[in-house]
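Each value in this text was obtained by applying a stated rule to the coordinates, not by laboratory testing. Please read these numbers as outputs of a predicted model, since none were measured by experiment. Cβ coordinates were reconstructed from backbone atoms using ideal geometry, including for glycine residues, and neighbour counts include every protein chain displayed.
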Amino acid sequence: MEHELKFNNKQNNNVQIVFLIGRARSGKTTLGRILGSMKNVDYVEEPYALSIQVLMQQLGLIDYETTKEFLRAYVAELINDIILFRTINIRPGDLSSIWATKDAPEIFNRITNVNSRADVDAYTVENKPTIVFILSNVSASFSFLLDTFPNCKIIHIIRDKVDVAKDIVKKHWFSENSLKNFKHNYLHRQYKDYSIPWWVENGNEDIFIDAAEYDRGIYYCKRLEALGGKQRTIFSSKHSDVYKEIDFGDVKCRTLQTVTELTKFLNTESTSKTMALIEDVW
C-alpha cells in the first residue's frame, strides 16, 4: 500500500505571522516599512509564490486543502530565510532597503550570529519575532488565510479610490501600451490585442478597453470592493481580535497615533528607525 506524500507543515509557534493586505497604491509599502522597523519585526513585500497561490485559490483555480498544505510549508521555509537575512535588499537607495528599517548593529548581529536552522530556532525563542507579509488584491481571502495560519493577524489598509486611480494613471499601469505589451507575471487573459487583468468581469472587456486610464483605475477599485466587500464586513465583525483596518489617510495625517495603535495590535515597540520613518511621512 502506497503512503500518502505530504509536507512537514511544522509551524514555529514563536513567530507571529501578519498579513498586510490592500489594493495597489493603497500605502502598503509605506506602512510595511514602518512595521518592519519595529522591534523584532521583519516585512516582505509581495513574495510571488505566496501572493499568486492565495489569489489562485481565491479564484477557485487550485484546490483549497492542497494550497493550505503548500503555503504552510512555503511560509515556514520563507520565515527561515527571512530571519537568516537571505531575502534582504541591501541597496541603500531603495525604499525596501534593510538600512531604512534596521540599525547596523542588529543587521550585523543577525548576519554574524544567526547562521543555521538551529540558530533560527534559538533566535525565535528569545525574540518572539513578527513577520509581515504584504499582499495585494486578496481581500476576499481573509478567511482562507486565517484558516491556513490560525494564529495570524491581518491588517487591511484602505485608501480612497480617487487617490488610487490618480496614482495608477501616474504609473501608466492600465495605459494602452501597458495592456498591449503586458510584461508582468500577473494573472490575466488575452482579449483581442489586450492583456485583461483577472479582476475585469467577464463580458466587461470592451467597457474596460474603451474607458480612459483614470476610469480603468476607478473600475479596478470598485471591482475589488465588490469581490471582497461582503467577506470584509463579516470577517471584521467575527474576528476583531486578529483583524485591523487602517485608513491610509490616518497613516499620513495621524501617523504617530496610528503607529501606536499598531504597536499594541502587534504587541511590539517602536524603534529609532520607526520614528525616523514617521518623520518622513509627516
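A few comments on the model shown:
- Candidates GLU65, GLU45, filtered to the one that is within 11 Å of the chain's Cα centre (by Cα) and among the charged types (D, E, K, R): GLU45
- Complete set of residues in the range 99-128 that are among the β-branched types (Val, Ile, Thr), more than 14 Å from VAL15 (Cβ to Cβ) and either touching a Gly at 6+ places or on another chain (Cβ under 9 Å) or outside any helix (DSSP H, G or I) (or both): THR101
- Flag for TRP173 being closer than 22 Å to ILE62 by Cα and aromatic (Phe, Trp, Tyr): no
- The range 126-173: number of residues that are in contact with a strand residue (DSSP E or B) (Cβ under 6 Å, 6 or more places away or on another chain) and farther than 21 Å from SER237 by Cβ: 6
- The residues in the range 240-282 that are more than 23 Å from SER139 (Cβ to Cβ), in contact (Cβ under 8 Å) with a residue 24 or more places away in the chain and not aliphatic (A, V, I, L, M) can be counted, and the count is 11.
- Members of the range 269-282 that are assigned to a helix (DSSP H, G or I) and either in contact with a Pro (Cβ under 7 Å, 6 or more places away or on another chain) or of a type outside the set (Ser, Thr, Tyr) (or both): LYS273, MET275, ALA276, LEU277, ILE278, GLU279, ASP280, VAL281
- Restricted to the range 248-270, and to residues there that are more than 16 Å from ARG159 (Cβ to Cβ) and aliphatic (A, V, I, L, M), the residue that is surrounded by the fewest Cβ atoms within 10 Å (Cβ to Cβ) is LEU256.
- Among the residues of the range 200-237, those that are out of contact with any helix residue (DSSP H, G or I) (no Cβ under 9 Å at 6 or more places or on another chain) and among the basic types (Lys, Arg) comprise ARG223, LYS230.
- Residue within the range 177-187 that is surrounded by 14 or more Cβ atoms within 10 Å (Cβ to Cβ), in contact with a Gly (Cβ under 8 Å, 6 or more places away or on another chain) and farther than 20 Å from SER51 by Cα present: no
- Checklist (1) surrounded by fewer than 15 Cβ atoms within 10 Å (Cβ to Cβ); (2) of a type in the set (Ser, Thr, Tyr); (3) more than 19 Å from ARG23 (Cβ to Cβ) applied to TYR194, failing item: (1)
- Listed conditions (1) among the basic types (Lys, Arg); (2) buried (at least 18 other Cβ atoms within 10 Å of the Cβ); (3) out of contact with any helix residue (DSSP H, G or I) (no Cβ under 9 Å at 6 or more places or on another chain) are all met by LYS273, apart from (3).
- Residue list for the range 98-145, restricted to those being over 24 Å from the mean Cα position of the chain (by Cα) and among the small types (Gly, Ala, Ser): ALA104, SER116, ALA118, ALA122
- Looking across the range 129-145 at every residue that is assigned to a helix (DSSP H, G or I) and of a type in the set (Phe, Trp, Tyr), the one that is surrounded by the fewest Cβ atoms within 10 Å (Cβ to Cβ) is identified as PHE144.
- Qualifying positions in the range 130-176 - β-branched (Val, Ile, Thr) and in contact (Cβ under 8 Å) with a residue 60 or more places away in the chain: THR130, ILE131, VAL132, ILE134, VAL138, THR148, ILE154, ILE155, ILE157, ILE158, VAL164, ILE168
- Residue in the range 120-128 that is under 25 Å from ARG223 (Cα atoms) and of a type outside the set (A, V, I, L, M) present: no
Per-residue answers, yes or no, for (1) of a type in the set (Val, Ile, Thr); (2) surrounded by 15 or more Cβ atoms within 10 Å (Cβ to Cβ):
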position	(1), (2)
ILE52	yes, yes
GLU77	no, no
ILE90	yes, no
TRP99	no, yes
